[in-house]
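Down below is the structure, laid out as structure tokens.
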Amino acid sequence: MSHHDFYHRYGPWALVTGSAQGLGEAFARLLAARGLNLVLTDRQGEKLTAVSESLRAEYGVETRTLACDLAAEDCLASLCALGQELEIGLLVNNAAVSRIQPFLDAPLTAHQNILAVNAAAPLTLAHCLGASMRARRRGGMIFVSSASAIAGTGLVASYAASKAFGWVLAESLWAELQPWGVDVLTIVSGNLDTPAWRQITPRPDEAVWPPVMPPEVAAREALEALGKTPSRVVPGWQNRLVFFFLQRFLPRRQIVAMLYRAMQNRYGTGQP
Ligand SMILES: NC(=O)c1ccc[n+]([C@@H]2O[C@H](COP(=O)([O-])OP(=O)(O)OC[C@H]3O[C@@H](n4cnc5c(N)ncnc54)[C@H](OP(=O)(O)O)[C@@H]3O)[C@@H](O)[C@H]2O)c1
């Protein structure tokens, strides 16, 4: 799709959560390059302002920034209110929190926060912004999911479950909203070289397979798939190959065992 067509289908405004860095920032840059104005939101206020200023200077687009925590009700209420004021044609549910730890060793509040940010916030934003998109009979929503949602993944139990929630929600919305001209897409992402990934990975520069992808490449593949690929995209051919092999040839219990072993090899812990 040309940038011009993309703008008319999903513009004039896009909202990207978690857009101060990583994959969210990559989405914001690519959308600005397509001429869309951006509502940028993140809990990292200073970084968010820097991204906003650079997008305005580089692409001449308008921006609005809202520094807040998506687990807070007033944050979501403010974002929904912006949807009344601005014509937001594209929602990118990108922000997420994760924690690598045996389920029972993390406090319950940490799991509850993962649910609030990764599952409840995308649902709320899809509901309030989706209503206007359906009324206008055009728009798009992207939900960022993860390879850890392919099946249960030990050491990130609540994160994996929250990502499965977004994936299934997006699939359901794809079915419901397609006849209204609203495209919904889930990204089942493998490892991306983002600040969060570097922070939690013990040896981030070690060569692994499938390879760790630059976030810009994953975001570009997702934007190219929006409106074309029915409901789901797996960025990177190596990730697609692994995904195909797992789904096609292994029983689910073996996938669960494999994912857990891979997590233990990389991050340790979890055994009696
Ligand atoms: N990186 C990977 O390997 C990978 C793999 C699969 C899927 N994903 C998915 O890709 C998406 C982006 O991940 P990323 O690696 O780019 O993460 P990132 O580098 O941490 O960037 C995410 C941004 O969102 C912000 N954020 C987190 N929780 C928030 C909240 N409650 N309210 C407002 N802002 C919040 C973060 O702020 P803080 O820095 O304060 O947390 C950060 O600025 C996530 O949905 C993640 O699950 C990533």
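The numbers here are math on the coordinates, done by the rules we state, and not lab data. Just so it is clear, the model here is predicted, and its values are computed rather than measured. FYI the Cβ positions are ideal-geometry reconstructions off the backbone, even for glycines, and counts take in every protein chain you see.
Ranked by the mean number of other Cβ atoms within 10 Å of their residues, highest first, the peptides 41-51, 254-264 fall in the order 41-51, 254-264. Rounded to the nearest 500, the helix-only mean residue ellipticity at 222 nm of the chain stands at -16000 deg cm²/dmol, with each DSSP H run of n ≥ 4 adding -39,500 (n - 2.57). For region 180-272, GluC sites (Glu not before Pro) meeting the loop criterion (DSSP other than H, G, I, E, B) and having at most 12 other Cβ atoms within 10 Å: Glu206.
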